[in-house]
Amino acid sequence: MSDIAIKVENLGKLYRLGEVGTGTISQDLNRWWARVRGKEDPFATIGETNDRTSKGTSDFVWSLKDVNFEVKKGEVLGIIGRNGAGKSTLLKILSKITAPTTGKIKIDGRIASLLEVGTGFHPELTGRENIFLNGAILGMSKAEIRSKFDEIVDFSGVERYIDTPVKRYSSGMYVRLAFAVSAFLEPEILIVDEVLAVGDAEFQKKCLGRMKDVSVNDGRTILFVSHDMSAIQRLCTQSILLNKGVVGFSGYTGKVIEKYLTENHQSASLKWKYKGDMSKVSLKLISAEINEISAGEKNISIEISLTYFHNLIHKDSFIAVDLHDSRENVLMQALPTLDKFLKFRSNEYSNYKLSIELPPLIPGEYFVSFWAGSHNDQTIDFENEILRFEIVESPTEGRLFPHTTDHGYVVPFSSIAPNN
Amino acid sequence: MDSTNVLTKPERPTLPSVESEEWTEVIQPRTNLLDLGLKDVWRYRDLVMLFVRRDFVSTYKQTVLGPIWFFIQPLLTTITYVIIFGNVAKLSTDGLPMMVFYLSGITIWNYFAQTLTNTSTVFRDNAGMFGKVYFPRLTMPLSIVISNLVRFAIQFGLFVIVWLYYLLKGGSGIHPNWFIALTPVLIIIMGLMSLGLGMIFSAMTTKYRDLAMLLAFGVQLLMYATPVIYPLSSITGKYRLLILANPMTSIVESFRYAFLGSGTFAWSYLVYSLAFTIVILLTGIIIFNRVQKSFTDTV
């Protein structure tokens, strides 16, 4: 018997974009005909690599392509990557939810996946009935569940409500009960998606603790996907970095995370260029580019180079820089003082270097807008959310649970010490 | 390591397997079409029964009458038919009491129609669950067939009560015979047929939802092409062949013949239904098997 638990060979998954509607029947027939004649799928060849930001020419995209890796028994493997890198697809294939297009995965051991807690919970059924139903869905037999029933109820801490329909539960109780069932799964290989993103801090800690327990004490193999680098760092010895559907890097977790963070900064610092008509503009932002983002201990400094075109003289004009979150909420506004900005001549391009000291922001996507105008509310030029950057690292080191915007966007530097 | 070998699937012979190691499982793009993974289903048999239980409990929670609804529905339908088809349209019932004539047809038809419509949306209705966790997908249609069977048993009980009433009252022209012993066979054929058809539709609707629309009124129309509200004997000429081509016809007619003593029974008709069921079931299994592997991408 070898010590390999999972062996992934040349794994690929082709997805069709857009809507299924008219036209797809003819494509289906086309593919079917090609297969009958033993030829290659005519649409698979034009599949492009998975890049969600650029518009492709083909409707088919390789969500995963030529993925190869091995997981040893008892290893905890972290899988990281940006949104759309193929992490979820990989997990879905591993969990047998969807079949791969090419390649194969060999598995040694009973596998269970936890892409969500409480799958199949029925609101009308009682907690007791749902424990049995959910357990069976996750692959436990009735006898197995019965033998662990008391432990599950105990772990969940909802004993009093066990014979109440779960629709009467608070959402917290619901999640606790759901996780309790999954916590007592005993597969040899466990696949965990970001289930930790739900529930309160205490619950998340409990989840992580239980996972650590399972891997260290019981020696089980775990595949763990998360955006939370500190959780990955704590749990996983080895990690792989997925990038646009291919394995970008793999090795020791620390190195993989480092690689991921630097890569992320590069690709996120987007450039922007004005592509409109120049004849009628009087004051216009022509290009913007984030040159550098660097995180200090108490702040994040960001440097942006800007080019403005001035045609007419606007007295008292100044610029304002808005920072948005991904849901278009304005988080803060920077008002750089710039004497020279006012003293321009007409028909001239001028370059500026803008530096902003941002407070310690929580991980997430942020967008930058540029406003230029004279006085009060007289807008001359406004470009909305043209630059985008991502903060990946938590400003609080060694944090165990992910940040949510429920508690704001900024984690101010703070300290505590005994007061004698 | 006994438990890990339960799932062992042999590699396809066409692929040279170089590894000498034993794998518990191999995930690959396409597997044998007829490989249903029945072993897998057997391992999840508890889940099937839990799904059945869930169906019952959730349907009648917070209703005052609870399972009595199982009786009310066919009873009201029968009364409606007695009024509309029996008294207004004056369709023939082969000289049988209308109540027991319609109820026999409705009991059988309800099971078929209900199972078919329920299975046909199995992928769509459970897309959320299917997209998050793997369990043999076949457990779902199987649980539908079983839970409808329980429902059928209750409605069949109702039919037997009405039937006994007329039988004991006498003079109603009911002549039960030994073909009653065939009832389980009829039920099995009917169950498998609806399962097969349901699987075909469920697989197709994941991509083309038009079929769900088609099925909804298709089932309704099909009832009129089945001798539910009229006896087969009342149909003559070119339509008779059309009605006979409907595989449900012989089921309803045989059932009626066995319990009521009037109706058309022929072994050849029944064999036709059986053959049709086998073909449909195999087709259903193949299509379902193909779709279950990747339906989450298209649903």
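Report the one residue of A:Thr119, B:Pro247, B:Ile278 whose Cα lies farthest in the direction of the positive end of the charge dipole of the protein assembly as shown (charges on C-beta: Lys and Arg +1, Asp and Glu -1; origin at the Cα centre). Value computed over the given set: B:Pro247.
In percent, rounded to a whole number, the relative contact order of region B:114-269 is 33, using alpha-carbon pairs under 8 Å and six or more apart. Above 33 angstrom, tally the Cα pairs of chain B and express them as a % of all pairs, no decimals. It works out to 33 percent of all Cα pairs. Evaluated with a Cβ-only charge set (Lys, Arg +1; Asp, Glu -1), region B:140-299 carries a dipole of roughly 80 debye about its Cα centre, given to the nearest 20.
Inter-chain neighbour count for A:4-15: the average number of beta-carbon atoms from partner chains within 10 Å of each residue's beta-carbon is 2. Shape summary of the protein assembly as shown, radius of gyration then Dmax from alpha carbon positions: 32.8, 113 Å.
Computed FRET efficiency, Cβ-Cβ of B:Thr63 and B:Leu38, R0 35 Å: what is it to the nearest 0.05? With a Förster radius of 35 Å, E is 0.45. Seen against the Cα atoms of chain B and their longest principal axis, helix B:267-292 is set at about 30 degrees. Peptide A:134-141 has a mean of 5 when you count, residue by residue, the C-beta atoms of other protein chains within 10 Å of its C-beta. Mean separation of Cα pairs under 8 Å and 6 or more residues apart, divided by the residue count, gives chain B a relative contact order of 24 percent.
Computed about its Cα centre, the charge dipole of the protein assembly as shown is approximately 2120 debye, with only Lys, Arg, Asp and Glu carrying charge at their Cβ. To test your reading of the geometry: what angle, between 0 and 90 degrees and rounded to tens, separates the Cα axis of helix B:210-224 from the longest principal axis of chain B? Helix B:210-224 and the main axis of chain B meet at about 30 degrees.
Mean residue ellipticity, 222 nm, helices only, chain B: the sum of -39500 (n - 2.57) across DSSP H runs of n ≥ 4, divided by residue count and rounded to 500, is -20000 deg cm²/dmol. Farthest toward the positive end of the dipole of region B:33-297, out of B:Ser268, B:Thr236, B:Phe217, is the Cα of B:Phe217, where the dipole comes from beta carbon charges about the Cα centre. Using a 10 Å Cβ count of at most 13 others and DSSP loop calls, identify the longest part of chain B lacking such GluC sites (Glu not before Pro). It runs B:23-299. For the set A:Lys96/B:Lys39; A:Lys65/A:Lys87; A:Lys87/B:Lys293; A:Lys92/A:Lys244; A:Lys72/A:Lys255, every pair lies no more than 22 angstrom apart at their alpha carbons.
Quick note: the coordinates plus some simple rules give every number you see, no bench work behind them. Since this is a predicted model, take the numbers as computed values, not measurements. When we count neighbours, we look across all protein chains shown, and the Cβ atoms used for this are built from the backbone with ideal geometry, even at glycine.
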